[in-house]
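The values are calculated or read from the model by the stated rules, or taken from the named source; none is laboratory data. As the structure is a prediction and not an experimental result, all values here were calculated from the model. Cβ coordinates were reconstructed from backbone atoms using ideal geometry, including for glycine residues, and neighbour counts include every protein chain displayed. Remember, those area values only see protein heavy atoms, side chains included, never the ligands or the DNA or RNA. Shrake-Rupley method; radii C 1.70, N 1.55, O 1.52, S 1.80 Å.
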Amino acid sequence: MTVDIDAAAIGFEPAEPTFIADPYPAFAALRGLGPVLYYEPRQVYLLTRFEQVHTALRDRRLGRAFRHRYTPEEFGQPEPDGRWPLWSRSERWSLLNLEPPDHTRLRRLISAVFTPRAVAALRPVVEELSARALRTAVAGGDFDLIADYAQPYSVAVICRLLGVPEADGPRLLDWSHAIVKMYELHTDLARMQAAERAAGEFIEYVQDVIRNRRRRPRPDLISRLIEVADRGDRLTDDEIVCTVIVLLNAGHEATVNTLGNGMRALLLHPVQWRRLLDGEVDPAVAVEEMIRWDGPLQLFERWVLDDGVEIAGQRLRVGDRIGMLFGSANRDPARFAQPDTFDIGRGDVTHIGFGGGLHFCIGALLARLEIATSLAQLRVQTPNLRLVEEPGYQPFFVIRGLTGLRVLAR
Ligand code: HEM
């Protein structure tokens with residue numbers, strides 16, 4: 001039986017500021033209604049509880065993409081918009097858009113160079129960049145922890161990882177911001193044209209770096225992506241370009257927003273901040289609760305690709321769409337004791353903030369390192385950190401982040 005929800009009655013209104021300010025009571029109401037709910041405005045079956053989200057992430061009959069198996073017409077979806085060829089090219093080989101066998105092949109080649117060892121080797125660089133960015137931010141008196149610290153820091157880390165000059169960071173960010181506007185539900189023509197232009201410039205930039213590294217390889221990720229060979233297989237230039245773009249787009253925003261949302265939570269819970277300062281809780285442990293309690297990514301979708309899918313008694317058909325509510329699953333009382341309590345010592349790494357199954361975040365180790373390093377630096381450099389004003393959230397639901405986080409270090 002399909003359970004339709006009266007979204008307004010229970011406060012699930014993704015575009016409303018009151019919902020965005022605190023979506024968690026509405027999630028609790030949704031979980032109370034059932035594990036699978038039909039949300040008519042977006043024609044999607046929402047999964048509200050941890051168990052079903054955890055299982056769906058691992059269900060190979062569900063896919064992020066469908067075009068490798070079906071035509072848009074068969075799925076009742078519009079044809080790809082032919083007006084934006086460069087934008088389409090920039091994401092043609094993004095891991096996030098692929099399903100097996102292409103996904104398997106590409107993920108194997110990328111994982112061969114983006115290894116736990118490569119991330120561990122970045123630790124001194126990450127520590128140096130964090131210390132420097134925080135010193136610069138603090139020097140100006142009160143500062144915005146997001147714009148003045150988290151943004152420049154996380155872009156600098158990705159530049160170092162890729163092996164491009166840090167001075168190019170702002171340019172890469174501008175391109176990335178312009179490109180992702182194409183995912184908004186209502187994007188005007190000017191924004192689409194800007195996204196197309198940005199994609200073209202970004203592609204050219206990476207092609208240029210590839211040409212240089214081919215002539216003179218260096219110990220960086222782009223050189224290794226060029227060299228990687230596995231059973232005689234190699235990444236094409238187009239695949240490397242898309243990989244660089246997705247690493248920047250996927251890697252930057254979520255890390256910055258985790259730092260923003262998580263530091264807001266810590267400063268609003270002084271007892272928890274004190275546990276960190278006193279050394280009772282390790283920064284690496286606190287990171288997990290920051291992601292679980294107020295994560296930066298709230299919804300991921302999947303298409304039903306095969307017959308026979310049934311979730312908690314709800315039969316689904318090929319072409320149906322599923323929306324996994326990460327923020328709701330991570331507050332499910334059936335999975336987490338006192339789920340609304342922000343307890344930085346909880347140390348539960350099995351939250352679904354990084355996803356699961358074959359699209360599990362490839363940057364999870366790096367993200368954990370970046371955030372834990374930031375907490376360690378904040379603890380040393382700004383033990384008296386406090387909020388200057390109550391922060392507000394950006395008016396988006398899926399990507400959850402603050403507009404800014406003004407703080408004072410002394
Ligand atoms: C706290 C920070 C982060 C969070 C919460 C996060 C979360 C996620 C989630 C939930 C997915 C899975 C999406 C799905 O199943 O549909 C994902 C995928 C991905 N993430 Fe992250 N991420 C973070 C940081 C990073 C970083 C630092 C990088 C790279 C430098 C990165 C690169 C990627 C890539 C390339 C994918 C696609 C993997 C695939 O499809 O096989 N992420 N991330």
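Which ones in the stretch 81-99 are open to solvent by 40 Å² or more (accessible area, probe 1.4 Å) and within 11 Å of the ligand (Cβ to nearest atom)?
96, 97, listed by residue number.
Anything in the stretch 36-85 that is assigned to a helix (DSSP H, G or I), in contact with a helix residue (DSSP H, G or I) (Cβ under 9 Å, 6 or more places away or on another chain) and either among the hydrophobic types (A, V, I, L, M, F, W, C) or more than 30 Å from residue 201 (Cα to Cα) (or both)? List them, or say none.
Matches in the stretch 36-85: 40, 41, 50, 51, 52, 53, 54, 56, 57.
When you look at residue 2, is it at pLDDT 95 or above, out of contact with any helix residue (DSSP H, G or I) (no Cβ under 9 Å at 6 or more places or on another chain) and more than 22 Å from residue 293 (Cβ to Cβ), yes or no?
no
Would you mind stating whether residue 288 is closer than 26 Å to residue 356 by Cα and among the charged types (D, E, K, R)?
Yes.
In the stretch 10-35, how many are assigned to a loop (DSSP other than H, G, I, E, B) and at pLDDT 95 or above?
4
Could you count how many residues in the stretch 393-407 are open to solvent by less than 30 Å² (accessible area, probe 1.4 Å) and either within 14 Å of the ligand (Cβ to nearest atom) or assigned to a loop (DSSP other than H, G, I, E, B) (or both)?
5
Which residues, counting only those in the stretch 271-284, are within 15 Å of the ligand (Cβ to nearest atom) and either out of contact with any Ser or Thr (no Cβ under 9 Å at 6 or more places or on another chain) or under 30 Å from residue 70 (Cα atoms) (or both)?
284, the sole residue that qualifies.
Output the residue which, of all residues in the stretch 283-313 that are more than 24 Å from the chain's Cα centre (by Cα) and not aliphatic (A, V, I, L, M), is most open to solvent (accessible area, probe 1.4 Å).
Filtering first and then ranking leaves 307.
Look at the stretch 303-329 and say how many of its residues are closer than 16 Å to residue 51 by Cβ, within 16 Å of the ligand (Cβ to nearest atom) and not small (Gly, Ala, Ser).
4
Which ones in the stretch 119-161 are in contact with a helix residue (DSSP H, G or I) (Cβ under 8 Å, 6 or more places away or on another chain), small (Gly, Ala, Ser) and in a loop (DSSP other than H, G, I, E, B)?
Listed by number, the list holds a single entry, 140.
Can you work out which of the residues in the stretch 184-242 that are in a loop (DSSP other than H, G, I, E, B) and more than 25 Å from the chain's Cα centre (by Cα) is surrounded by the most Cβ atoms within 10 Å (Cβ to Cβ)?
Among those residues, the one meeting the criterion is 228.
Check whether at least one residue in the stretch 342-358 is within 27 Å of residue 95 (Cβ to Cβ) and without any contact (Cβ under 8 Å) to a residue 40 or more places away in the chain, and report yes or no.
Checked the stretch 342-358: at least one residue is within 27 Å of residue 95 (Cβ to Cβ) and without any contact (Cβ under 8 Å) to a residue 40 or more places away in the chain.
Since residue 110 meets every condition but one in (1) open to solvent by less than 20 Å² (accessible area, probe 1.4 Å); (2) part of a helix (DSSP H, G or I); (3) closer than 15 Å to residue 302 by Cα; (4) not charged (D, E, K, R), which condition does it not meet?
With (1) open to solvent by less than 20 Å² (accessible area, probe 1.4 Å); (2) part of a helix (DSSP H, G or I); (3) closer than 15 Å to residue 302 by Cα; (4) not charged (D, E, K, R) applied to residue 110, the lone miss is (3).
Any chance you could count how many residues in the stretch 334-386 are within 17 Å of the chain's Cα centre (by Cα), modelled with pLDDT of 95 or more and either of a type outside the set (Lys, Arg) or surrounded by fewer than 20 Cβ atoms within 10 Å (Cβ to Cβ) (or both)?
Residues that pass the stated criteria total 21.
Listed here are the residues, each with its yes/no results for (1) within 16 Å of the ligand (Cβ to nearest atom); (2) in a helix (DSSP H, G or I).
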residue: 341; (1), (2): no, no
residue: 344; (1), (2): yes, no
residue: 348; (1), (2): yes, no
residue: 351; (1), (2): yes, no
residue: 354; (1), (2): yes, no
residue: 362; (1), (2): yes, no
residue: 369; (1), (2): yes, yes
residue: 372; (1), (2): yes, yes
residue: 380; (1), (2): no, yes
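Go through the stretch 61-70 and report how many residues are more than 13 Å from the ligand (Cβ to nearest atom) and either in contact with a His (Cβ under 9 Å, 6 or more places away or on another chain) or at pLDDT 95 or above (or both).
So the count comes out to 4.
What pairs come out if I take residues in the stretch 253-272 that are open to solvent by 40 Å² or more (accessible area, probe 1.4 Å) and pair them with residues that are within 16 Å of the ligand (Cβ to nearest atom) whose C-beta lies under 7 Å away, six or more apart or interchain?
Every condition considered, the pairs that remain are 253/399.
Results for (1) under 26 Å from residue 396 (Cβ atoms); (2) in contact (Cβ under 8 Å) with a residue 24 or more places away in the chain; (3) out of contact with any Lys or Arg (no Cβ under 9 Å at 6 or more places or on another chain), shown as yes or no for each residue.
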{"site": "218", "(1), (2), (3)": "no, yes, yes"}
{"site": "229", "(1), (2), (3)": "no, no, yes"}
{"site": "234", "(1), (2), (3)": "no, yes, yes"}
{"site": "240", "(1), (2), (3)": "no, yes, yes"}
{"site": "243", "(1), (2), (3)": "yes, yes, yes"}
